[in-house]
Protein chains: 4
Amino acid sequence: MLRDRFLKTRNRTQEICSPLKTEDYSVQPMADASPPKWHLAHTTWFFEQFVLVPHKPNYAIYHADFAYLFNSYYNTLGDRVLRPNRGLMTRPLVTEVMDYRRHVTENVAELLDRDDCPAAVFELVELGINHEEQHQELLAYDIKCLFGNQPTFPLYGRVYNLPNETHEQEFIPVKEGLYEVGYDGDGFHFDIEKGRHKVYLEAFEISNRLVTNQEYLEFIQAGGYQNFNLWHAEGWEFINENDIKAPMYWHEIEGEWFRYCMEGLVAVNPVEPVMHLSYYEAAAFAEWTDLRLPTEFEWEVASHSFTWGKLWEWTSSAFLPYPRFEKKAGAVGEYNGKFMVNQKVLRGASVSTPQGHSRPTYRNFFHPHMRWQFAGLRLVRS
Amino acid sequence: MLRDRFLKTRNRTQEICSPLKTEDYSVQPMADASPPKWHLAHTTWFFEQFVLVPHKPNYAIYHADFAYLFNSYYNTLGDRVLRPNRGLMTRPLVTEVMDYRRHVTENVAELLDRDDCPAAVFELVELGINHEEQHQELLAYDIKCLFGNQPTFPLYGRVYNLPNETHEQEFIPVKEGLYEVGYDGDGFHFDIEKGRHKVYLEAFEISNRLVTNQEYLEFIQAGGYQNFNLWHAEGWEFINENDIKAPMYWHEIEGEWFRYCMEGLVAVNPVEPVMHLSYYEAAAFAEWTDLRLPTEFEWEVASHSFTWGKLWEWTSSAFLPYPRFEKKAGAVGEYNGKFMVNQKVLRGASVSTPQGHSRPTYRNFFHPHMRWQFAGLRLVRS
Amino acid sequence: MLRDRFLKTRNRTQEICSPLKTEDYSVQPMADASPPKWHLAHTTWFFEQFVLVPHKPNYAIYHADFAYLFNSYYNTLGDRVLRPNRGLMTRPLVTEVMDYRRHVTENVAELLDRDDCPAAVFELVELGINHEEQHQELLAYDIKCLFGNQPTFPLYGRVYNLPNETHEQEFIPVKEGLYEVGYDGDGFHFDIEKGRHKVYLEAFEISNRLVTNQEYLEFIQAGGYQNFNLWHAEGWEFINENDIKAPMYWHEIEGEWFRYCMEGLVAVNPVEPVMHLSYYEAAAFAEWTDLRLPTEFEWEVASHSFTWGKLWEWTSSAFLPYPRFEKKAGAVGEYNGKFMVNQKVLRGASVSTPQGHSRPTYRNFFHPHMRWQFAGLRLVRS
Amino acid sequence: MLRDRFLKTRNRTQEICSPLKTEDYSVQPMADASPPKWHLAHTTWFFEQFVLVPHKPNYAIYHADFAYLFNSYYNTLGDRVLRPNRGLMTRPLVTEVMDYRRHVTENVAELLDRDDCPAAVFELVELGINHEEQHQELLAYDIKCLFGNQPTFPLYGRVYNLPNETHEQEFIPVKEGLYEVGYDGDGFHFDIEKGRHKVYLEAFEISNRLVTNQEYLEFIQAGGYQNFNLWHAEGWEFINENDIKAPMYWHEIEGEWFRYCMEGLVAVNPVEPVMHLSYYEAAAFAEWTDLRLPTEFEWEVASHSFTWGKLWEWTSSAFLPYPRFEKKAGAVGEYNGKFMVNQKVLRGASVSTPQGHSRPTYRNFFHPHMRWQFAGLRLVRS
């Protein structure tokens, strides 16, 4: 069954890329994004490096260059003539990367088939699947970023469309009290969500739906982007330095608002949830409504009482370790802990999150200025 | 009595500047610092703007330029030909600023003397005193920054020396449980520490003393600044981009470490607490020891059981609002809330903090990369 | 015959790209370079815009997007939702650009065939051919830049290899006197070389060969990059800020020098002329030898007495207008005049210059810090 | 007589500073400017370093710190704990620098008095006087920059006012021919103007007066700053990135133009010559008039036929060495040659140039983007 999930995951990554043309694979649209080819190769390198090299007898590295080029853990690496630069790598070719994928997929599958396959392999393959699922989501962000910044607005397809948010808004009350949060089961989970622990919450009420484009348009029209009282000092600087007056991918054309979605440039749909906001914008919007964003624990405790999963949801919580958090030794330990400063937690999942990848205790995180991820917001009142 | 404290506070600001020469008042040593003259004038403007203008009958603005130049709340201001630039203002002269101080001090004192002095004035003067105390502390940082970056290392005096940290280290245990934190008295306090609320803490032990120069030197000598595994990704970038290999004001001269203290360049004293670290360095040091920094609530709950007040202490907590926090309306509301992103809480007080200014619930905050404030660190183990 | 040259030129541009893979066409390796696809499309747009649109009856623009995307004369353009960004354009596809090329080539050829083809067309096609030849040369630079910055050093082929510089060095004397410089014939020439005029030259002697890798290595080994006395102040800043210690594409590996040429990474050949130097480096080298670079007029006057054409040659002359220079009106006038500040003249031609494109009066120009063009240097003594 | 000129020069530098307050001496208003105190000390260091140290028997350095702090020839210097940073040096105090001046002035005067004073000293003192005169002019620029960027526009005095340019405009014809340029006398001159040599000039006509504010206002009102066809590509970028729409120190207030002159903010006087333009602006203005700037040689040859000396005049010539130019060995050789790239020659003199400092062969030079020097422009037609 793990073998099945492994093969499905490997396959789905390629399906996500199927609307792409060869030209689309090697270009990096901004520093925070990676070219699609890099995602395809890096997820493969992960299985090769952490599963095949240590656990498959007599496994020979597929290609020394690939091991070097598609490693994201640069800090441990020795010197070479040139540093890999994701945005310049026109080589290896897409077909060569696909061959690399096939080779590694087959070798891992074969290893999983063996009777004597060690338990550590199952654990590492599970980690590799979850790692690849994270890159599947990043692929959606990065492809949108690549297409959405070209004046021709190439078409990807309708896969990532959002359902409308048409049900009546209600605020669901949660009582004050001591709650338990954090992961506590037997399934796969990341180190950062582990450490079931108690938190005390004051009473609050949380909306049963996300903020919509219509509501956000009202904020824009009410001068929200011009009223510094609503903004964090850094947020005010951010929108002014970058001349930001609307969510990412929005364009005002002759007085009407359009947005690039993956089907091209379309009129903004008022009943869709608003997305592609920085934390600064989400917080300014909340300030304007006199409500606020939830903390990550309020969200987790209340999450069984509303529908979530269309968009990641900004919380007001900083991304910090849970009690008893410990970095694992070695390269795998680099995974999450080193990002625990200046980032905000997002909870939930998005239409681009692989099925079953997320859960109520899952902690996603981004810098407050980032906008290309599929994120929206939900309001809370005390 | 408030009148007395007011006069003493006004006086003390000038005493802090008494070792300065006229040349020292107008120069801004870095973007985060302000010239001493600006502090002298801005604290005065605060009393004029918020106390005298609204509450003293017939009070006339001392000088329209001063009201414009020494306002830090630029965002509400109308246009003018040129924006004030703190580091360029050689005018008004130091003596003119001192005259301005005297004028405003006398007018406020006179207002406080009146039988019909409205209650709002007492509250605003209290706020103004606390505001000026904060600038007294910043003055110490900024003067040190100004002197410590000149190759001649000018002498200020021994006022801000730190006592040695020679008592035996012990770890004080605190039991798990539900604790109350936040300000809950009748005295003056800031909006950000208000909102007494419950937090659940797991058991921990906290050191009875600060980390010393000796301990930090061992970290340096063990290659702490070269081992990326100890650092946040942003911290690693920060020390490498800025070529940082020791705390601010430290200089290695022919194999020995010296530091600029306000008495000039002196050999690093091993039993003094280490200071002028960024949060990144404090966290990397803690990682190296296999211990950790306290959260702000662990610090607050344990603070009655150790001595504090020599140096501000970095905590691992992000600076975020307490439950029920609300920004005040108008310009005073700009005070703190707009900084609640990407900053870390520091607790305690420093040798440059005015007597009585701080308390166990006091929340100071700085960006993780800042080093010029008087801050050190205390370790905790779970 | 013009028709023939036109077709050959169009064809040769595509031949230059024939070793490329689809992935290579869309990536921009640095701000000064363009992706190969852009060159292919922009040279086509030039013929469409300046020849077909005004002169071919009933010609319809091939594709509105192409006219927008491949125009380098942005300043005259109206607004659009997004600005084209050469490095992001994965679309149109390579095949679509090739179709565009074919369409425009056929239409121009057909126009040239007509009996009533207006004289203006011949002139504009001649300009378009020369424009495309300039882009053929830039294609060589940009492809080398793209390949030479990838850690895998892809192979292009041996087309652009340099012959050795093995003949005995001699200094050819030129007498003082009044000379005429500038273009004075009937053939095609650029506006900037026109204006035959007199210049007075003092006596000088010019080397019959270019500086070699061997000579440049001696400069490196003598500490040339460490001796600020040899450098312009800006040059010293440039090499230090960019950590430059050798020509572009050179790598020191275990004590030996290698360079990326278009056949891969090879050992530096001592008898080849040195290339890929900035003007700063060329001038510092000359200073070190106690000789100097020629002025552009010294070069032009002496050029009949030595062999040239392997590499462009840096001169000490600033790129400035000749007497009686006038910008043409309209978009074509933008061509050269707007670059007449802060650039240096290079004379000669390189192995990547199309046959017949250059001549002794030809003036090439680059900023002093640029290194990716195929340039070397020749020495002069007074 | 040299002794007299020496003492007068030393004295005049201090007179230029006499309207300053102590606060004004240490602040650096922009990277290209220096604080007045630095000019006072650096010109003194020059005499100490090059005259007293090598030539006065038993002369002891006045203060090791000053020798370190006020040296502009950093590149030859050994390491120290901190690099001097002109804008941070509040110490030494103004009075200490004045003491240093007095000490060095007296020692040089005493040396000049001696019967056995070596000839080399006279030459070096002459160089030192000319060096100090250059700094007198820079002092005027830097003080204006310091005062003109403060919102209070401090008053300096009327010393540097310009006379009106009211005489009828005429164009003076100069015949084509071979002319001699460059310095050829016995008096003091800089290395860069030496090397009398022949240049061939085509016929031209040069205006007998400078361009006025009125003429420049017409250019502004005609949309000169919005018409990219008039600009060098770099100039267009420069004005747009820096949001430049008028000369430096100009402010549009309620539809009227004012400028900061050293008497405060005054209405723009239409008949004064326009000043504080970058080369880019001067060239764009000339382009708009369909005339052009002179070359430095056209200016030199014609200079006897018009009045000059109110403002430096931009020429179209790049700052390049004359034939037979050679850098002197040692620190003095650093003086000029290292600036011979990316700068433009200005000819003439300004109201802030010391009497007798300039001459028709004098070559001043600035980068094309610089605007704080006292420069205007004169037109030429072919």
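The values are calculated or read from the model by the stated rules, or taken from the named source; none is laboratory data. Treat the numbers as computed from the prediction; the structure is a model and nothing was measured. Cβ atoms come from the backbone with ideal geometry, glycine included; neighbour counts cover every protein chain shown. Side chains included, ligands, DNA and RNA excluded: accessible areas come from the protein's heavy atoms. Shrake-Rupley method; radii C 1.70, N 1.55, O 1.52, S 1.80 Å.
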Does region B:104-147 hold any residues that are closer than 14 Å to B:TYR59 by Cβ and β-branched (Val, Ile, Thr), and which are they? B:VAL104, B:THR105, B:VAL108, B:VAL121
Mind listing whichever residues of region A:164-187 are open to solvent by less than 50 Å² (accessible area, probe 1.4 Å), assigned to a loop (DSSP other than H, G, I, E, B) and of a type outside the set (Asp, Glu)? A:GLY182, A:GLY185, A:GLY187
Filter pass, B:TYR160 being away from chain D (no Cβ under 14 Å) and in contact (Cβ under 8 Å) with a residue 24 or more places away in the chain: yes
Output yes when any residue across region A:52-60 is away from every other protein chain (no Cβ under 14 Å), under 19 Å from C:PRO151 (Cβ atoms) and not aliphatic (A, V, I, L, M), and no when none is. no
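Inside region C:1-18, can you point out the residues that are at pLDDT 95 or above, open to solvent by 40 Å² or more (accessible area, probe 1.4 Å) and outside any helix (DSSP H, G or I)?
The answer is C:SER18, and nothing else.
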All positions within region D:307-317 that are of a type outside the set (Ser, Thr, Tyr) and either at positive phi or open to solvent by 20 Å² or more (accessible area, probe 1.4 Å) (or both): D:TRP308, D:GLY309, D:LYS310
Would you mind stating whether D:ASP99 is at pLDDT below 95, at negative phi, among the acidic types (Asp, Glu) and assigned to a helix (DSSP H, G or I)? no
Kindly evaluate B:GLN373 against the criterion of being open to solvent by less than 10 Å² (accessible area, probe 1.4 Å), assigned to a loop (DSSP other than H, G, I, E, B) and either farther than 20 Å from B:ILE172 by Cα or in contact (Cβ under 8 Å) with a residue 12 or more places away in the chain (or both). yes
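Every residue in region D:221-266 that is assigned to a strand (DSSP E or B) and not hydroxyl-bearing (Ser, Thr, Tyr), please. Talk me through it step by step, then tell me what you get.
Taking region D:221-266 first, the residues assigned to a strand (DSSP E or B) are D:250-253, D:256-261, D:264-266.
Scanning region D:221-266 gives D:TRP250, D:HIS251, D:GLU252, D:ILE253, D:GLU256, D:TRP257, D:PHE258, D:ARG259, D:CYS261, D:GLY264, D:LEU265, D:VAL266.
What do you reckon, is C:ARG196 of a type in the set (D, E, K, R), over 30 Å from C:ASN71 (Cβ atoms) and modelled with pLDDT of 95 or more? Full working, then the answer.
On the way: of a type in the set (D, E, K, R): yes; over 30 Å from C:ASN71 (Cβ atoms): yes; modelled with pLDDT of 95 or more: yes.
Against the criterion (of a type in the set (D, E, K, R), over 30 Å from C:ASN71 (Cβ atoms) and modelled with pLDDT of 95 or more), C:ARG196 qualifies.
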Please count how many residues of region D:287-304 are of a type in the set (S, T, N, Q), closer than 23 Å to D:TYR322 by Cβ and part of a helix (DSSP H, G or I). 1
If a residue has to be modelled with pLDDT of 70 or more and within 7 Å of another protein chain (Cβ to nearest Cβ) to count, how many in region D:69-80 make the cut? 1
The conditions are (1) open to solvent by less than 40 Å² (accessible area, probe 1.4 Å); (2) more than 9 Å from chain C (Cβ to nearest Cβ); (3) of a type outside the set (D, E, K, R); (4) touching a Leu at 6+ places or on another chain (Cβ under 9 Å), and D:THR289 fails exactly one of them. Which is it? (1)
I'm checking my understanding of the structure. Among residues of region A:208-237 that are within 14 Å of chain B (Cβ to nearest Cβ) and among the acidic types (Asp, Glu), which one is most open to solvent (accessible area, probe 1.4 Å)? A:GLU237
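Within region D:292-330, restricting attention to residues that are under 20 Å from the mean Cα position of the chain (by Cα) and among the hydroxyl-bearing types (Ser, Thr, Tyr), which residue is farthest from the other protein chains (Cβ to nearest Cβ)?
Out of the qualifying residues, it is D:THR307.
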Somewhere in region C:33-50, is a residue assigned to a loop (DSSP other than H, G, I, E, B) and aromatic (Phe, Trp, Tyr)? no
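Within 14 Å of chain D (Cβ to nearest Cβ) and either over 30 Å from C:PRO19 (Cβ atoms) or polar (S, T, N, Q) (or both): is that true of C:ALA283 in this structure?
On the way: within 14 Å of chain D (Cβ to nearest Cβ): yes; either over 30 Å from C:PRO19 (Cβ atoms) or polar (S, T, N, Q) (or both): yes.
For C:ALA283, the condition - within 14 Å of chain D (Cβ to nearest Cβ) and either over 30 Å from C:PRO19 (Cβ atoms) or polar (S, T, N, Q) (or both) - is met.
So, A:GLU132, is that one part of a loop (DSSP other than H, G, I, E, B), open to solvent by less than 40 Å² (accessible area, probe 1.4 Å) and either charged (D, E, K, R) or farther than 26 Å from A:ALA41 by Cα (or both) or not? Full working, then the answer.
Values: part of a loop (DSSP other than H, G, I, E, B): no; open to solvent by less than 40 Å² (accessible area, probe 1.4 Å): yes; either charged (D, E, K, R) or farther than 26 Å from A:ALA41 by Cα (or both): yes.
The answer is no for A:GLU132.
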Residue satisfying all of: in region D:258-269; within 13 Å of another protein chain (Cβ to nearest Cβ) and surrounded by 20 or more Cβ atoms within 10 Å (Cβ to Cβ); farthest from D:GLN169 (Cα to Cα) among these: D:TYR260
Per the list (1) within 14 Å of chain B (Cβ to nearest Cβ); (2) touching a Leu at 6+ places or on another chain (Cβ under 7 Å), residue check on D:THR13 breaks on (1)
Candidates A:VAL345, A:VAL351, filtered to the one that is aliphatic (A, V, I, L, M), more than 9 Å from chain B (Cβ to nearest Cβ), open to solvent by 20 Å² or more (accessible area, probe 1.4 Å) and under 24 Å from A:HIS131 (Cβ atoms): A:VAL351
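May I ask you to say which residue of D:GLU252, D:GLU202, D:GLU272 is away from every other protein chain (no Cβ under 12 Å) and either in contact with a Leu (Cβ under 6 Å, 6 or more places away or on another chain) or open to solvent by 10 Å² or more (accessible area, probe 1.4 Å) (or both)?
So the residue among D:GLU252, D:GLU202, D:GLU272 that is away from every other protein chain (no Cβ under 12 Å) and either in contact with a Leu (Cβ under 6 Å, 6 or more places away or on another chain) or open to solvent by 10 Å² or more (accessible area, probe 1.4 Å) (or both) is D:GLU272.
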Could you tell me whether B:PHE153 is in contact with a strand residue (DSSP E or B) (Cβ under 7 Å, 6 or more places away or on another chain), open to solvent by 20 Å² or more (accessible area, probe 1.4 Å), assigned to a loop (DSSP other than H, G, I, E, B) and not hydroxyl-bearing (Ser, Thr, Tyr)? yes
Which condition breaks for C:ASN161 when tested against (1) within 21 Å of C:GLY348 (Cα to Cα); (2) buried (at least 17 other Cβ atoms within 10 Å of the Cβ); (3) among the polar types (S, T, N, Q); (4) at pLDDT below 95? (2)
Give the residues of region B:119-162 that are among the polar types (S, T, N, Q) and over 20 Å from B:HIS189 (Cβ atoms), sorted by residue number. B:ASN149, B:GLN150, B:THR152, B:ASN161
Residues located in region B:80-93, provided they are open to solvent by 30 Å² or more (accessible area, probe 1.4 Å) and not in a loop (DSSP other than H, G, I, E, B): B:ARG86
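So which of C:GLU126, C:GLU96, C:GLU110 ends up being open to solvent by 50 Å² or more (accessible area, probe 1.4 Å) and farther than 20 Å from C:ASP65 by Cβ?
Details: C:GLU126 fails: open to solvent by 50 Å² or more (accessible area, probe 1.4 Å); C:GLU96 fails: farther than 20 Å from C:ASP65 by Cβ.
Within the list C:GLU126, C:GLU96, C:GLU110, the selection yields C:GLU110.
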